[in-house]
Every structure is written in C-alpha cells, then in structure tokens.
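The values are calculated or read from the model by the stated rules, or taken from the named source; none is laboratory data. Just so we're clear, the structure is a prediction, and the values are computed from it rather than from any experiment. Ideal geometry is used to build each Cβ from the backbone, glycine not excepted, and the neighbour counts take in all protein chains shown. SASA here: full protein model, heavy atoms, side chains in, ligands and nucleic acids out. Shrake-Rupley method; radii C 1.70, N 1.55, O 1.52, S 1.80 Å.
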2 protein chains.
Amino acid sequence: MRKIFRELVSVEEAKRRLFDKIKIEPKVEEVPLIEACGRILAEDYYSGVDVPPFDRATMDGYAVRAEDTFGAEEDDPVALRVVGKVEAGEVPNVEVKRGTAVEISTGALIPKGANAVVMVEYTSREKDTVFIYRPVPPGTNIMSAGSDIMAGELLVRRGTRLTPREIGVLASAGFGSVRVVRKPVVAVISTGNELVSPGERLEFGKIYDVNAYAIGAGVIENGGVPIFLGIARDDADEIRSKIAEGLKIADIVVLSGGTSSGVGDMIYRVIEEFGEILVHGIAVKPGKPTVIAVANGKPIFGLPGYPTSALMIFEIFVVPLIRQMAGISERESKTVEARVPFKVFSAIGRREFLPVNLVEGRDGLIAYPFTDYSGAISTLAEADGFIEIPESKVFLEEGEVVEVKLFGDIKPADLMIIGSHCVGIDVLLEVLRRRKAIQAKVINVGSTGGIMAIKRGEADIAGTHLLDEETGEYNIPYLYRYGLKGEAVLVKGYIREQGFIVAKGNPKDIKGFEDLLRNDVTFVNRNPGSGTRVLLDIHLKRIAEERGISFEEIKRKIKGYDVEAKSHTAVAVAVLMGKADVGLGIKTVAERYGLDFIPVRPEEYDFVIRKDRLCKEAVKSFLEVLKSEEFRKELERKLPGIRVTERTGEIVEI
Amino acid sequence: MRKIFRELVSVEEAKRRLFDKIKIEPKVEEVPLIEACGRILAEDYYSGVDVPPFDRATMDGYAVRAEDTFGAEEDDPVALRVVGKVEAGEVPNVEVKRGTAVEISTGALIPKGANAVVMVEYTSREKDTVFIYRPVPPGTNIMSAGSDIMAGELLVRRGTRLTPREIGVLASAGFGSVRVVRKPVVAVISTGNELVSPGERLEFGKIYDVNAYAIGAGVIENGGVPIFLGIARDDADEIRSKIAEGLKIADIVVLSGGTSSGVGDMIYRVIEEFGEILVHGIAVKPGKPTVIAVANGKPIFGLPGYPTSALMIFEIFVVPLIRQMAGISERESKTVEARVPFKVFSAIGRREFLPVNLVEGRDGLIAYPFTDYSGAISTLAEADGFIEIPESKVFLEEGEVVEVKLFGDIKPADLMIIGSHCVGIDVLLEVLRRRKAIQAKVINVGSTGGIMAIKRGEADIAGTHLLDEETGEYNIPYLYRYGLKGEAVLVKGYIREQGFIVAKGNPKDIKGFEDLLRNDVTFVNRNPGSGTRVLLDIHLKRIAEERGISFEEIKRKIKGYDVEAKSHTAVAVAVLMGKADVGLGIKTVAERYGLDFIPVRPEEYDFVIRKDRLCKEAVKSFLEVLKSEEFRKELERKLPGIRVTERTGEIVEI
C-alpha cells in the first residue's frame, strides 16, 4: 500500500501553513554577562546607576577650589596647603577648604569642597605645600556623576546581538548577568538501517550518517542547540519513541531519511500519530517528499534522506524558524548575480533549487550548475550557493543572468585554479597560505579542461601537462591550438616523473605499455582531457600503429580502460586497494602510498595564466611562491619525484 | 620617581616588534565532529573510503541484468523471476542470474550479477514474477562506488572554517572527530583599587569593572577563549602573582588599568620582571601608555584603564594576534566612506583612532566624531566604527571624506530617528520590531537638534514638540523657520501630558512655574533645544514680563536651571533620587517611577519626515505602525498620559 501525496503544495503555501500554526515566542534565560557575547538581549536594559557614580578625577594632580587658583602664573604660583591624598577607590575623609588642596589620582573621587583638578604637570611640591602655576576654571579635569550614563538611561535595546561593546556598557552599569533569548533546541534524528555513525566501523552495505552532522552544524550556525537522538532503524517503534523524546526535550524535531518510498510512508504514518500533518509533498526540487507536521505546537520536519536535498529543505524551512525562535533577524540572503555558462534545463511545475559553483568569468561571475547532485555529498562542499528556478521556467538560456544565494559565509575564491590535478599545487598553496590569507579554489578537470577554462576567462591559472604527439613538446602547442596566443602566458612549472604505479614488489611484473594489454592485468585510467590520459593514448596509438590494429581495438584490449579515476591520488588508492594492478601517475603519489613506480618519462607540468590576471594580487603571490626558495625546499622534502628547474617561474609569452 | 616613556614608537614599529618576537604557531586539538562547526581545520583531510562505499540503488525497484530488459515494451513486458529482496543496509545473499530480478530499495547494495535498476513505476508484480515495461541500459539508477568521493580524494583543506557543508563531507567519509586549531587562551586581568565586578554591590568611590568583560567578549568574538583572573588591587605582589598565573595557563596575557601614572609605572615594573619590554608608549590616541612585553615567547599586554582606549588598543594589537593563533584570517576590515560634518582637530604627532557615529546624509554617509571619548563608556555602545587620522594631520576639513572601519558586524541603521526623546517611540519601535527586522537608531538631541538633522538630511524622522510662543501652535512654525518647506512633511503624532514631576505626595507643594523660583526648591532642567526646555522658557519669560525683570534674572533665581538631564527619564530619576525637587516632563514617565505629576498642558508630539525618505521601506513601516490599532492599544496599556488622536499618522504638507 503506497501512500500517494495527496497534493504537492508550493513553497509559499508550505511556509504559510507552517508559520500559521507555529507561534514563535522566543523564550528567555538569564546568563552570566561573561557568557553573553553573541547572544540576543531579551529585554531593554536601563541603567540603575549613574556612570561614573561620583565626580571623578580624570587626571593625576591636585583637587582644589578653582577660585583659589585664579591669578596663578608661571612665575608667580599660588601656594596651597596639601591636607591629604586620595587614590582611586578610596573615600576621602578630608575636605578642601579655602587655601588647601588634596593630592588626587586619576579615577579618584573628588573630595568635598573641591571643584577642579590641577594636572600634576602644572604643579610643584615642597613638603606640605603645592605650588600651582596655572589657574583652572571650575569643573576642570572632573568627570561628573552621570555625565557618561545617567541612571534611568536606556543602555541596550531588546533584540540587540551583544558584542564586546554592549557587554562593556552593561558591565559599566553593574549587570553581572543578563536576560537573553534562549537558544531553541532542535532534536535531530536520522533514520535508516543503512546508517552508521562517523567514527564507527563501516560494515559492508552501510554508509556513514551525514545528515545528523550537517543538520546539527546548521542548527548551531543559526543560533540553535542541536540534540542528537541518534540513528533510528527503519522501525516504526524506534522512530516513534525518538520523536516522542524529541517533542519532550526540544522546540523543533527534525528527522531525515526514508529514501525508499516504503520507509518514507512508514515515517509519515508515525509522524501523523503525533499531530497534524501540514504538508506532505512540496513542489520543489530537490526535496519533494518533505513532511511538515505540528504536535503540541511544536513543528516536526521529515526531511529527505539525500544530504543535499535534506540540507536544502532545512535551509528553506527550518532555518527561518530557528532564527526567529533565536531572536535573530532573517539570514541576510547574500546574493550575487552570475551567468549560467550553458543552457540549463529545469523541472517543470516544481521550484528548483540548483547548487552552483561560482567562477569569475570575463564579464562577471559564472554559475556552474551541478547536475544530478541530490545524492552526492561532494556537492555540499564544492557549491558556493544555489539558484532558484521558478515553477514556470523550463530552462535557463546560455548566458542568462541568475541570482545566486550564497551558502553561509563563503565567497568566491581569490584564486581560481582549474586544470590538471597535482600534489605540487597542494604544497604551493600551503606555502602561499602561510604567507597570505588567500582563499584558493582548485577544480580538477584535467589539463584540457583547464585550458578551456582559461580560454573562457573562468580560471586564473590552469595546471597542464599535455605532450604534443608531433613535436614532442609539452603544453605550448596546445595553447596555440586553443587560440590562446596573446591572451595567456605559459609559466614554467616543474618536472614530474610520470610512470606506472603498481603494487609493492610489482607482482604483475609491469615493464611498459604493452603489459597493459595482458589478460591478467587490470588497469585504472584517468579522465579524458587529463595530461596523463593524453600520454597514455599517445603510447597506445604508437603500439596500435606498430601492431597494425586500430586505436579502438587497443583500448578494448585493456581491462579497465573505461574506469576513470579523477586524480593521481585516486589512481594510487585503486592500486593500493587491489581494484587495479596498474595505473599511470606520478612518482610522488606512488611513494606516498608505499607503492612501486616504473618510470615512463619526465613531464613538464606548467601553468597557463590569463594575461589580464597577471596583475591580480593572488596571482602575483602565487608566482612569488612558485619562484621561492621556500617552495623549492618544501617540494624537495615532501614530494620526491617533483623538482623545480632553473626555468621554474619563467614567463613564456606566446 | 616617575617613569618617563623613553620613546613613543609608531603603531607600525610597535607591531613589527611584537610580531618579530612572537612566533605564531597555531596549536592543534581533536574535537568530536559534532562540536567542530565554526572551527578551523588544522590538517588536510583525505577520504579513506569510497563514497558511496558500494554500488548503490538510487531508486526503489528491481535490480536486473540490463540485457534481460532489452525488448521490453509497454504492451509486451519482459517477465523476470524475483529471487529475493534487498533493503538499504542489508548485504544481499542472492545473485541476479539471467532471467531473474531482485527487489531493491533506494540506497541498497546492488546484488551480484545485476548491473541496472528498473524503477518500480515501470514494473508490475504478480507473486514471484515481475513484469518490466521498459528496457534499461547498464548502469541505470546505480550510483557506483566512489563516484561521489573516491578514497584518497582531498575532502577539506587545512585552514578551512567548518560550516555544515564541510561537516557533512567529513561525516560522509566517516570522521567522527577532527583535528582543528586550538583556540588561543587569553588571560584577562583588570587592575585597580576602585574596581568592583558587575553584579556586586557598588560601594561609594568604586566603579564597575568594564574592561575584563569587554575584552573577554572581544577574545571570544575573535576565536579565542578568555580566562578571567579577576581584579588585582594596585599592589605589585597581587599583580605579579596574576601575571605568573596567566603565563602558566594562557597563550596571551592582557592586563588593563593603571590610569594613574603611579600605578601605571608600578605595573610596568612588574611586567618587566617577567620578560623583555618591547614597547612602552605608542604614538597613538587613545592608548599612549600601552606596554607590550614578551615572556617565554608569550606576549603580555598592559592596556590603558579607560574602556574605549583599552578596547581600541586591543583591536589594533591583540585581535590580529588572537586571530592568527586561532588560524582565522585577518578580520575583513569592513570599511565605508563617509564625510565629517564639521572641522575635526586631531592630536599632532600621534595616530588618532577616533570613534564615530554613522548617519546617512543626503550625499552619502556622515561620520559624527565623538569628542572626549576615551573615558566614556557610552561611546562604546553608540559608535559604529572609527576613523584613523595619520600622525601628520592636524585636522580634517569639514566635508572631508574619511574611511570608517566598522566595529564588529553592525551597520548603519535602517531607520535613523534623531530628535526629542519620547517613550512613545520606544513602544512604537517595539511594535515595529515585532513586525519586521528593522534596525533603528535613536539619537536623542532634543526637538531643535532633530529639525536640524532633518534639514541636513541626516535623520529620516525627527520627533519634535516645539510650542511657538506667538501663535501658540506646535511644531509647524518651526519647520517654516528652519526652511523645511517643500523638503519635509509633518506627520501628526500623539498628545503628551506635560507637567511637573515631583516626589510622591508633592512634599514641596509645587503648583506652578512660580514655585520654581522658591529658595527651597531645586529644579532639574532639560538640554537647550528640547521641546520641554522651550516650554519652560516660554513660561519663565511670561513671568519675567509680569514681574518686570529680565529673563536672565529669572533663570538665575532657579536653583538647578543649569543642571541638564538628557531625557525625560533622567529627569524622573533625578527627582526619585532626591537630586532635585521638581523637573518638567511627561506624565508617562512620572507614573513609571511612581512619582507625582502636576499637569501643565497637553502638547503635540509630532514627527518631521524628509520627503525623500517617505518611500523608504523602514519609514513606510514606521508610519504603518504609527497608524495601527496595535500601537494605539500598546500605548494605552503601557503609557497612560500619551494618547493618539484621530489625526495621528496624518501627513501635513508644508
């Protein structure tokens, strides 16, 4: 018996139903002032005291009756008898009468009778007599009671987020604790037989629980307190008891999971037992199967199981609720305008929230949409934000301007490196990061992808190692081929030792490319467009020619030619884990994983940089580091198999 | 024996000496992933597993051999024998052989032999037989092992601030805890015999400790952990033992205090015992007497005692240090450009950091400088940021453009209300705040000050209650007088009952203005330009005329004519505390403090609004609330003595 969504409601309708039912009344708690930084003040705070609470000296000197100093001159000082001394914090037991003075420290209470303080710099002292060299009018160097803050004045308004400055003001009026908005408590429940908590052993067939952690962090980020009720099996009793516990201890209950419709229906029915279902199914992508209910005035959310879907729905529905309960104003939706780089199709009749990667293009930002993202977790880390495509829209045109809502606090990178994956770049960025706070974004799309990104103005720098079949030259022929003459320069990088990565001891006895054709050898390839793949294909074409067979045939002969790893590291891991016997990659990575390496040839790993980006601060810093002694040493120490040359950092105009 | 600063060093030189001596090596600690939100990752994290770790069904349906489905059509389905079922989290013990299928749930492991999943929507089931209505190519609805994240892939880079998204990615790879940068520990010590901790009873001659709280909050805000070592008396032994304790438990020691030079010298000498003094005296205002030292590689700061000075030096020197130790990039110095509204003089030979209040003027922001601020605590709460005036500059010209560094996260208000103080505005803003997240800034400068601020385009709204002597009309004559015709409108506000605020029982038997002239009566006045003061002066002039004496003479006769309270509330408190016998103010405030009230006349409290601000969202919302039933009721309930009329909210063009 499958439960069909009775109706898909729009995002607005779902929000209306939710906010109509849930009465948001921020609750209040009292916390010590010391712990109040960042909290939201729940009440207006008025001062109960004057600040300063008494007339106070603002200088070191002598408290006097101003009249007594009239007529004092540099060469004809007035002499006053010093009748006492008052330090800060003391209550003076002397009075300043005509002809007398009291020595006084900054911050001390002005003794009775005095109405001015003469700075010590304008006096000299001889035993009990002080000579005053300048006259002072009444009030000089005195901060009078209440002149800073008067008793009864409003100190800080309700709803203010307390920063060090408000904390200081509240301290000045003597508040040792303050009433702030209590952080809303959110019970977080993950459901699924397949889930295992991070840190535990992953049995076969299981996956790690992502949602509880990502949602929990999202609760914290938005001013709430998450309570993890753990993972519930796909079992009605277990889910029921966790929801019941959540409703007891929390203000909001958030479940996620139920990716299969059978489990989804079961969760729906359990939620229904507790209260009123407000929404079951939203016309949105991702996140259609979302359930929203209310029980005893508390909202219960049933989010989808896929992490990206769950977080998107969390962002749209749960975050505004948490923030309102926390007394925080709505998240400033940081938005930027960007263009989509190609035609993007959208779900008809559903609002689509599409994660994108922001890249600086020649005429502003480019929003690269993620495709097929809802099941993928890496989307979460890579996306800069998302675009909202209305229900009525079937597609976005190439170059269409869209508004991108940024996730959290991140911003487009200072330095955009798109191209071939190299661990040398990791070392370079580490040195760079030690020198400057530069946020670099590295997108590994292979050498050719990098050159295209340079051509389109999206990358600042592309790492590339493309061997030209005809000339035997690295990289430069490709720049001409892609029409980058005049638009970009080549910056010489370093030499990497390319070769075969094999298991320790080389059990399959791999000696050369011919061995890849063997029946007992499984290969792991790299993605098309990567320099490594180009190198492979050049050699395979050579062999094909020698043997008089087609390139296609050669490829078919290699077991694993179609298995593509996205990086050198992934190739090494495939070999390490026995998924493949051999892969092509760089020596550095083989050594890192304790694997054997059979060299093929040294290759030139260089950087392509757009000319118009050479003056960019981050690019300049990148080049400085590339040429630096520090980088050379780090490379030597960490990455045997990669070495700089005397040409490293040289700019080659093309 | 006074210690003279041997040399004042520049801000840059002081920073150089500090950062040369202090080796900043962020320390590392391991925290549960759940607690890692907002922390800075200390190491690069690579995935040790494939995500997903196995080939996984992305849909509910049947796992099949794709070849078996070839030829399936809507009206001619293929029949397969169902040999088992696999749910998410299970390890299937069946194999899919030719002609068979296995029922499968989303997220479940693809059983051996199967290479595609047919969605349940394209099947029908009869006992052990499933009918397939559509053919599927290999790979359909399968997410293959490692296709999201491959083992060996870089998950999150060192130095990344962890948001929910990175937390999710780390969870997906099974990290139950992560190594993050340890928060630097800052020992905070306040010194001074005059200090009392907030929350404790304030003895006469003492003041509350502000610095420990404001600095502690500043440490938190910048990613550190403050440890309060409490208040040290002005006693070398006590200070010595607190510094020793601080050096033992913390990474940084921050003292503040020593406002008098004697105490300052003593603190200097105690610090000197622990290590090397790097800086003693900085050419800066405020904060000249700052001491910076290093002991066992740990920095010790001796900050000034005045809160604003202490916080400014904290911001310039300590914050960058804390942030670097915390692995946080330098605070993005949020800056805005603004003009100074008048000529501003600066300290010659010293870098001046001048707190300012930002107000939106007609041609951009206006930065109102605070004067004489270092001793004042209210400066802290009111200032939006500060400007930096170079050593060489003697003054800023009127209208000169300056760069304002904003404090923390605040921004100029959505709504700028400058003018006469009224508790009715507090109620109005409360209603407004319940409706919308509007940040209102209220600057109380009296009615005339408000009209001037409107004239100069700095206020959106000014509250005003100015009685015209000649016509007996409120407010409008003043708008003409200040040339606001065509520039602003008057919006009718409410009626306030003005009168004398006296102690309970009216012990001095105040009946009218004549009583203020009595010898046994002490008055508390309001500031010039306030409507209340105008009202007072009109009556005093009348009396002067009647008696045939000068206005000046009348003023001299009133004890307390020169004592100015900044608000109605402050007037009431002055009466409550016995500082004055009588003040002029509104009934509402008298009632709030349980004081007696002798009515003088009802007055019209109206709002002046610039015409060009009428379309501003926040102003529209303000007017909506002013006319709302909700506001009327709140006013009635909370503020007897203030009442709306049928004209409230009416816009009067002038």
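Kindly give Rg over Rh for segment A:148-298, based on alpha-carbon atoms, with the Kirkwood expression for the hydrodynamic radius. Show your work: numbers first, answer last.
Details: Rg = 20.8 Å, Rh = 18.2 Å.
Checking Rg against Rh, the ratio lands at 1.15.
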Checklist entry - Put a point 7 Å out from Cα along the line to Cβ at A:PHE342; what are the distances to that point in the other copies, in nm, shortest first? => result 6.4
Checklist outcome for this item: Taking the alpha-carbon centre of each part, the distance from segment A:610-639 to segment B:42-89 in Å is 46
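Find the relative contact order for chain A and round it to a whole percent, using C-alpha pairs within less than 8 Å whose residues are 6+ positions apart.
Working: 1470 pairs, mean separation 69.4, N = 654.
Reported relative contact order: 11 percent.
If you take the Cα Rg of the protein assembly as shown and divide it by 2.2 N^0.38 Å, with N the number of residues, what do you get?
Details: Rg = 37.2 Å, N = 1308, 2.2 N^0.38 = 33.6 Å.
In units of the globular-protein estimate, the protein assembly as shown measures up at 1.11.
Report the calculated FRET efficiency for A:ASN519 and A:GLU276 (r = Cβ-Cβ distance, R0 = 51 Å), to the nearest 0.05. Don't skip to the answer; put the middle values down first.
Values: r = 65 Å, r/R0 = 1.27.
Plugging the Cβ-Cβ distance into 1/(1 + (r/R0)^6) gives 0.20.
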Checklist outcome for this item: Straight-line reach check, B:LYS555, cutoff 28 Å on alpha carbons, 8 or more apart in-chain or any other chain, hits among lysines -> A:LYS112, B:LYS504, B:LYS508, B:LYS511, B:LYS541, B:LYS566, B:LYS579, B:LYS587
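If I take all pairs of Cα atoms in segment A:507-651, what percentage of them are more than 25 Å from each other?
Numbers: 4151 of 10440 pairs.
Summing the P(r) tail past 25 Å for segment A:507-651 gives 40 percent.
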Item to check | Helix A:446-455 axis, angle to chain A major axis (alpha carbon atoms, nearest 10°) | outcome: 60
Item to check | Intensity falloff of segment B:96-237 expressed as log10 I(q)/I(0), Debye formula with alpha-carbon point scatterers, at q = 0.09, 0.22 Å⁻¹ | outcome: -0.60, -1.29
Checklist entry - Taking amide H positions as placed 1.01 Å from N in the peptide plane, with prolines and chain starts having none, which residues 5 or more places from B:ALA108, or on another chain, fall under 5 Å of its amide H? => result B:ALA57, B:ALA88
Checklist entry - Which distances, in nm and shortest first, link the A:ARG240 label point to the same label point in every other copy, taking 7 Å along Cα→Cβ? => result 7.2
Item to check | Helical mean residue ellipticity (222 nm; -39500 (n - 2.57) per DSSP H run of 4+; nearest 500) of chain B | outcome: -7500 deg cm²/dmol
Checklist outcome for this item: Nearest 10, in degrees from 0 to 90: the angle of helix A:617-627 to the longest Cα principal axis of chain A is 60
Next on the checklist: At 7 angstrom along the Cα-to-beta-carbon line, where would the label on A:GLU7 sit relative to the other copies? Give the distances in nm, shortest first.
Outcome noted: 8.1
Item to check | Gap separating the Cα centres of segment B:114-140 and segment A:127-172, nearest whole Å | outcome: 80
Checklist entry - Over the Cα atoms of chain B, what is the Rg over Rh ratio if Rh follows Kirkwood? => result 1.15
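Report the calculated FRET efficiency for B:GLU646 and B:LYS508 (r = Cβ-Cβ distance, R0 = 35 Å), to the nearest 0.05.
Numbers: r = 38 Å, r/R0 = 1.10.
FRET efficiency, B:GLU646 to B:LYS508: 0.35.
Wrap a convex hull around the Cα atoms of segment B:1-130, take a quarter of its surface area, and give that in square nanometres. Kindly include the intermediate steps, with their values, before the conclusion.
On the way: hull surface 66.1 nm².
Mean orientational projected area (segment B:1-130, Cα hull): 16.5 nm².
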Checklist entry - By a straight-distance test (C-alpha under 22 Å), which lysines pair with A:LYS627 as possible cross-link partners, with residues fewer than eight away in the same chain excluded? => result A:LYS436, A:LYS441, A:LYS492, A:LYS611, A:LYS616, A:LYS638
Next on the checklist: With only alpha-carbon atoms in the gyration tensor, what are the semi-axes of the equivalent ellipsoid for segment B:190-237, in Å, largest first?
Outcome noted: 22, 13, 7
Checklist outcome for this item: Heads up, segment A:256-311 by the C-alpha gyration tensor (a ≥ b ≥ c square roots of eigenvalues; a/c under 1.5 rounded, else a/b over b/c prolate, else oblate) looks prolate
Checklist outcome for this item: One finds the C-alpha centres of segment A:453-501 and segment A:522-547 to be spaced, in Å, by 18
Checklist entry - In segment B:422-549, carbon and sulfur make up what percent of the accessible area (probe 1.4 Å)? => result 50
Checklist outcome for this item: the protein assembly as shown accessible area per residue, 1.4 Å probe, protein heavy atoms, integer Å², reads 40
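Using a 10 Å cut-off around each Cβ of peptide B:101-112, what is the average number of partner chain Cβ atoms that fall inside?
Averaged over the peptide's residues, the number is 4.
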Item to check | Degrees separating the helix B:423-435 axis from the principal Cα axis of chain B, which is the longest one | outcome: 10
